[in-house]
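Novice: For reference, the structure I am asking about is given below.
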Amino acid sequence: MIRNLAGSVLALAGATAAVWSPFRAWYDGRHGRDYAIDELFTGITDARAEVIGSLLAPFLFAALLTLLGVLLRSRLLVACAGIVVLGFTVLWMVRVGQAEGSLTVGGDGGGLGDGAANALGGGVLLLIGALVMSGRSRAPHRGDRPPPRSARPAPDAPRPDGPRPDDPDPREDPRAHPQASAPYAATQTYDVPVRDPDQERRNPPPGS
């Protein structure tokens, strides 16, 4: 939860910096919204582009991906937004370097401006936010769930892997000896002699 919150804040900050960057100076005081997207593939010119067809368009698309990634807690969408921002910024730097011969950084408004720096920083923040986010929590795997009660072996059933050391000794288990747990002792039989009248007449007892 905390990781998702921190990653979302970083991702939103990076998307804001990327969207704001075309309204700042990118090179020699020229704003990013003045560079057309097709110039990144054909070459930089001095023509001023429309706002909808400028560098603002891919950065708005990256901001939309960031919002979806934050809402869905998708690290992949946030990372894709960062790649879009960094990709277009690096491609612009390559084309400007080809047109100017070299890239310079000046403190008097010449060379690379804060707009390009905001775009680079925004792309890096998006990638960091994607790394910080933990993503959506997955449901536990079926193998991690305990077996249902009907599938559990009976307490007296033999284990397939053999008895464990901590299992009770069945010889000491009262359930293994039904007679030991019976409320009464087992019935015993005795031989009772049967009187024979003929033998008593032949051998009368003494004193009769």
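Novice: Report yes if TRP26 is in a strand (DSSP E or B), touching a Leu at 6+ places or on another chain (Cβ under 9 Å) and open to solvent by less than 30 Å² (accessible area, probe 1.4 Å), otherwise no.
Specialist: yes
Novice: Report, by residue number, each residue of the range 48-83 that is surrounded by fewer than 20 Cβ atoms within 10 Å (Cβ to Cβ), at negative phi and in contact (Cβ under 8 Å) with a residue 60 or more places away in the chain.
Specialist: Passing the criteria: LEU72, SER74.
Novice: Could you say whether any residue in the range 35-47 is in contact (Cβ under 8 Å) with a residue 60 or more places away in the chain and either farther than 24 Å from VAL105 by Cα or open to solvent by less than 40 Å² (accessible area, probe 1.4 Å) (or both)? Before you say what the answer is, go through the steps one by one.
Specialist: Going residue by residue through the range 35-47, those that are in contact (Cβ under 8 Å) with a residue 60 or more places away in the chain are none.
No, the range 35-47 has no match at all.
Novice: Looking at the structure I just gave you, is ALA99 in a helix (DSSP H, G or I) and open to solvent by less than 20 Å² (accessible area, probe 1.4 Å)? Give the derivation first.
Specialist: Working: in a helix (DSSP H, G or I): yes; open to solvent by less than 20 Å² (accessible area, probe 1.4 Å): no.
So ALA99 does not fit the description; no.
Novice: Regarding the range 49-58, can at least one residue be identified that is touching a Leu at 6+ places or on another chain (Cβ under 7 Å), outside any loop (DSSP other than H, G, I, E, B) and either at pLDDT below 95 or among the hydroxyl-bearing types (Ser, Thr, Tyr) (or both)? Reasoning before the result, please.
Specialist: So the first thing to find is which residues in the range 49-58 are touching a Leu at 6+ places or on another chain (Cβ under 7 Å), and the list is none.
Scanning the range 49-58, I find no residue that is touching a Leu at 6+ places or on another chain (Cβ under 7 Å), outside any loop (DSSP other than H, G, I, E, B) and either at pLDDT below 95 or among the hydroxyl-bearing types (Ser, Thr, Tyr) (or both), so the answer is no.
Novice: OK, next. Given the criterion open to solvent by 30 Å² or more (accessible area, probe 1.4 Å) and either out of contact with any strand residue (DSSP E or B) (no Cβ under 7 Å at 6 or more places or on another chain) or under 30 Å from MET1 (Cα atoms) (or both), identify the matching residue among VAL105, VAL19. Reasoning before the result, please.
Specialist: Values: VAL105 fails: either out of contact with any strand residue (DSSP E or B) (no Cβ under 7 Å at 6 or more places or on another chain) or under 30 Å from MET1 (Cα atoms) (or both).
Exactly one of VAL105, VAL19 is open to solvent by 30 Å² or more (accessible area, probe 1.4 Å) and either out of contact with any strand residue (DSSP E or B) (no Cβ under 7 Å at 6 or more places or on another chain) or under 30 Å from MET1 (Cα atoms) (or both), namely VAL19.
Novice: Another question about this same structure. Looking at (1) under 37 Å from the mean Cα position of the chain (by Cα); (2) in a strand (DSSP E or B), which one does LEU76 not meet, given that it meets all the others?
Specialist: Here LEU76 clears every test but (2).
Novice: Shifting gears a bit: Can you tell me which of (1) modelled with pLDDT of 90 or more; (2) open to solvent by less than 50 Å² (accessible area, probe 1.4 Å) is the one VAL90 doesn't meet?
Specialist: It is condition (2) that VAL90 fails.
The values are calculated or read from the model by the stated rules, or taken from the named source; none is laboratory data. The model shown is predicted, which means the values in this text are computed figures rather than measured ones. Note that each Cβ is placed from the backbone with ideal geometry, even for glycine, and that neighbours are counted across all protein chains shown. Just so you know, the surface numbers come from the protein's heavy atoms only, side chains and all, with ligands and any DNA or RNA stripped out. Shrake-Rupley method; radii C 1.70, N 1.55, O 1.52, S 1.80 Å.
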